[in-house]
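Data first, discussion second: the structure below is written as structure tokens.
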2 protein chains.
Amino acid sequence: MYDLLKGLTVVEGSAFIAGPTCGLYLAQLGARVIRFDNIGGGPDFRRWPLAPGGASLYWEGLNKGKQSVAIDLSRPEGRDLAQRLAAAPGPDAGLFVTNFPAAGFLSYDALRALRQDLICVRVMGWADEGPGVDYTINSAVGVPLMTGHPDDGRPVNHVLPAWDLLTGAFAAFNLVAALINRHRTGQGREIRIPLSDVAASALANMGMTAEILAGAGERPRQGNTLFGAFGRDFLTRDGKRLMVVAITPRQWTGLIEVLGVGEAVAAVESARGVDFRKDEGLRYAHADALMPIFEAGFARADSAALLPRFDELGVCWGPYQTLSEALEDPRLFKDNPIFTELTQVSGARYPVAGYAATLPQDERRPPTPAPALGAHTEAVLADLLGLDGGEIARLHDAGVVASAGT
Amino acid sequence: MYDLLKGLTVVEGSAFIAGPTCGLYLAQLGARVIRFDNIGGGPDFRRWPLAPGGASLYWEGLNKGKQSVAIDLSRPEGRDLAQRLAAAPGPDAGLFVTNFPAAGFLSYDALRALRQDLICVRVMGWADEGPGVDYTINSAVGVPLMTGHPDDGRPVNHVLPAWDLLTGAFAAFNLVAALINRHRTGQGREIRIPLSDVAASALANMGMTAEILAGAGERPRQGNTLFGAFGRDFLTRDGKRLMVVAITPRQWTGLIEVLGVGEAVAAVESARGVDFRKDEGLRYAHADALMPIFEAGFARADSAALLPRFDELGVCWGPYQTLSEALEDPRLFKDNPIFTELTQVSGARYPVAGYAATLPQDERRPPTPAPALGAHTEAVLADLLGLDGGEIARLHDAGVVASAGT
């Protein structure tokens, strides 16, 4: 955690990945992030994977360092409280992240009536508010039909909810950009972020739609080969599978040198009248001639000898390893200083991820656990909304709000 | 495009996807984003896919609406200019996005000597500066070994550079967060964003590492089935493949009603003593009994009758379609108002993506093309660095800088 956004108060009324990730990033930069949930938990409160005691490891991972308010959102009085939290007063509050429907009780119009300069970032499935999640949008934009090995025609879904994660970071960017604008102009606004538009624009930004419109046709599935460049998985003599990518001239020449395939590659260049060193696209276009040379080069080499040489010469490679194996990888998890072992709200103790960026001029503070559901109900109602003790007790007794452990 | 960040001047010295995406988002919100490249183009200038005329559709997609300065970065005088651009003066300048090495001529120390409050967002491969790209990091964190069908043990790389895209949005968030802090404190800072830490923390935030550490073991590959919830691909009687996800009670009951499998599902609930309506995890845990019921339900149904009913009842589904087919989908591309047809710098004319978010209170401006390489060299040196005409002419004649078309 860092203090860049200390002083901000953000309210999160969201579930699943995108909205909670947005709130997590803000909390990790020091904002006070208050999440409200239905009493008993929202739709993501019991999402798998689960801790041995039954609590959600997913929920506690995405809600680290936030405050929790529990409200009965089915009742008018609870909905009124949620609206007032979203539109909370203060110069660096009135910042709301949600995936609630655009037309419901958390509509921008309803909230703006309470605070004119409210900033509301709303994550959506489809832009027209039709139901959509990462996996149904992903199949619609064509990615599973491009993924996988060419000898198997079945579509392959991604297991990483890439559109959700991207949307979460993009939402955090939009919220802070809107705050910069509000500081200047005094104006708030709603920002709607549909997964469908995030996905469609990302593919277009990388030239993939223009490629088809330019007549190149559908991009074929090609296993683990990187499109348009030199990159693929290879097997060493001792059976290690490595992902190897050569983009820069240094990576390319280093790879050739370590594998000892310089003469064979030069023969292809000479026969075909090309210079692979200067143009990664040519390495892709002439893969039919190049790949067998590299396959043979890897098949002759033992990884124990190969990998130190790769590192010495700046070759870009990665192992194929399971996540269990990755947990033992010092650079990823085991000795990674962004991780801190702590006891989470589930009661499980394990290394927890801190902020993904590192700020060398600032001190990194360790991550803090997720809250128990409702742990901050009373404190938030008192200091953010200014409710007095009697009013809070009444709401509590009436079952409109709940505290942790009740 | 929108005007939220109008008035900001951001300099981008970066290549590939993450850094340029960060700059693109900033430009789409109205910032002046000045990209410098080596004369003749950086390592991503000719990256596939290519337009019929040979220009990169990838490059022009990621650099829309930016300004371009071309500099010979191999020469000391060129490097000096790049440093001065990165540290450009002005209250809302001194904002630099890069993937250049942390220890090179664009190190934070070198740049801070020119501007004490510089904000520098640096995208990296590995946190220790080892070479790494999306695909080599992805294999190292274990995703390809979780991806694909259980009857095929080969790892499956993703075709979507998800870590690059996520890092790009995260970089944009960090830059504006640091600017908010600079407005308050006067302090700048370097922010290092390694793909390796973005990937490791994202998996941890979703509970995937805790799951293993809690003793659940490696998550098995399970084709197109969504982990921990109800989601999978199904085939209808007419051979349409659909991705279907049921998370909320409404999605679940709607799906059951349309398929007419209520009795069969109730029989499983009764036999096993569970209530699927309230707990998506149970739907996953009892997939052995549930999936055959749903498979049979889909196999009895024709998509023409099924899909309107799904939409009526709020069932969450997506088609499997190719990207070519998606281009004809009115909600994704064909009639999507975020796209505008324009002639890009390659000379190709096609629908180009605008900003992925929609701000209902603001007017959306159409996207603008990518610049020709060096199109703004003279203007930027004059108005950002204050060089006079004679000095610019001298740099030009000496080959330190170049303009478009030279």
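The values are calculated or read from the model by the stated rules, or taken from the named source; none is laboratory data. These figures come from a predicted structure and were not determined experimentally. Neighbour counts run over all protein chains shown; Cβ positions are idealised from the backbone, glycine included.
Considering only residues that are in a helix (DSSP H, G or I), modelled with pLDDT of 95 or more and surrounded by fewer than 18 Cβ atoms within 10 Å (Cβ to Cβ), which ones fall in region A:269-283?
At the first step, the residues of region A:269-283 found to be in a helix (DSSP H, G or I) are A:269-272, A:276-278, A:280-283.
If we keep only those that are modelled with pLDDT of 95 or more as well, we get A:269-272, A:276, A:281-283.
Across region A:269-283, the qualifying residues are A:Glu269, A:Ser270, A:Ala271, A:Arg272.
The sole residue among B:Pro20, B:Pro43, B:Pro91 that is in the same structural domain as B:Leu179 (by TED's automatic domain parsing), closer than 30 Å to A:Arg184 by Cβ and at pLDDT below 95 is B:Pro91.
Going residue by residue through region A:301-315, is there one that turns out to be of a type in the set (D, E, K, R), at pLDDT below 95 and in contact with a Lys or Arg (Cβ under 7 Å, 6 or more places away or on another chain)?
So the first thing to find is which residues in region A:301-315 are of a type in the set (D, E, K, R), and the list is A:302, A:309, A:311-312.
Next, only the ones that are at pLDDT below 95 stay: none.
Looking for residues that are of a type in the set (D, E, K, R), at pLDDT below 95 and in contact with a Lys or Arg (Cβ under 7 Å, 6 or more places away or on another chain), one finds none in region A:301-315, hence no.
The residues on offer are B:Phe276, B:Phe294, and the sole one that is in contact with a Phe, Trp or Tyr (Cβ under 8 Å, 6 or more places away or on another chain) and more than 14 Å from chain A (Cβ to nearest Cβ) is B:Phe294.
Filter the helices (runs of 4 or more DSSP H) completely within region B:1-89 down to those with at least 1 residues that are touching a strand residue (DSSP E or B) at 6+ places or on another chain (Cβ under 9 Å) and within 9 Å of another protein chain (Cβ to nearest Cβ).
Numbers: elements: B:18-28, B:57-62, B:76-86.
Hits in region B:1-89: B:18-28, B:57-62.
Right, B:Glu328: of a type in the set (D, E, K, R), closer than 30 Å to B:Thr236 by Cα and surrounded by fewer than 16 Cβ atoms within 10 Å (Cβ to Cβ) or not? Criteria met by B:Glu328.
Residue count for region B:328-370, restricted to those that are of a type outside the set (Phe, Trp, Tyr) and out of contact with any Gly (no Cβ under 9 Å at 6 or more places or on another chain): 21. Each residue in region A:176-212 was checked for being in contact (Cβ under 8 Å) with a residue 40 or more places away in the chain and not in a helix (DSSP H, G or I), and 9 pass. Of all the residues in region B:343-400, those that are loosely packed, with under 15 Cβ neighbours inside 10 Å and hydroxyl-bearing (Ser, Thr, Tyr) number 1. Could you tell me whether A:Ile180 is among the hydrophobic types (A, V, I, L, M, F, W, C), within 7 Å of chain B (Cβ to nearest Cβ) and more than 22 Å from the chain's Cα centre (by Cα)? Yes, satisfied. Taking (1) surrounded by fewer than 23 Cβ atoms within 10 Å (Cβ to Cβ); (2) in contact with an Asp or Glu (Cβ under 8 Å, 6 or more places away or on another chain); (3) free of Cβ contacts under 8 Å to residues at least 40 places away in the same chain in turn, B:Asn157 satisfies each apart from (1). Within the set A:Asp302, A:Asp288, the sole residue that is free of Cβ contacts under 8 Å to residues at least 60 places away in the same chain and not aliphatic (A, V, I, L, M) turns out to be A:Asp288.
Looking for whichever is at the interface with another protein chain (Cβ under 10 Å from one of its Cβ atoms) and either under 22 Å from the mean Cα position of the chain (by Cα) or not β-branched (Val, Ile, Thr) (or both) here; the options are A:Asp311, A:Asp335. Which one fits? Give the derivation first.
Values: A:Asp335 fails: at the interface with another protein chain (Cβ under 10 Å from one of its Cβ atoms).
None of the other options fit; the residue is A:Asp311.
Within region A:198-215, does at least one residue satisfy the condition of being over 30 Å from A:Ile17 (Cβ atoms), in contact with a helix residue (DSSP H, G or I) (Cβ under 8 Å, 6 or more places away or on another chain), surrounded by fewer than 22 Cβ atoms within 10 Å (Cβ to Cβ) and more than 7 Å from every other protein chain (Cβ to nearest Cβ)?
No, every residue in region A:198-215 fails to be over 30 Å from A:Ile17 (Cβ atoms), in contact with a helix residue (DSSP H, G or I) (Cβ under 8 Å, 6 or more places away or on another chain), surrounded by fewer than 22 Cβ atoms within 10 Å (Cβ to Cβ) and more than 7 Å from every other protein chain (Cβ to nearest Cβ).
Could you tell me which of the residues A:Tyr350, A:Tyr320 is touching a helix residue (DSSP H, G or I) at 6+ places or on another chain (Cβ under 7 Å), at the interface with chain B (Cβ under 7 Å from one of its Cβ atoms) and more than 23 Å from A:Tyr58 (Cα to Cα)?
Details: A:Tyr350 fails: more than 23 Å from A:Tyr58 (Cα to Cα).
Only one candidate passes the filter, namely A:Tyr320.
Where in region A:92-158 are there helices (runs of 4 or more DSSP H), lying fully within it, with 3 or more residues that are over 28 Å from A:Gly30 (Cα atoms)? Break it down stepwise before answering.
Numbers: elements: A:108-112, A:134-141, A:143-146.
Output list reads A:134-141, A:143-146.
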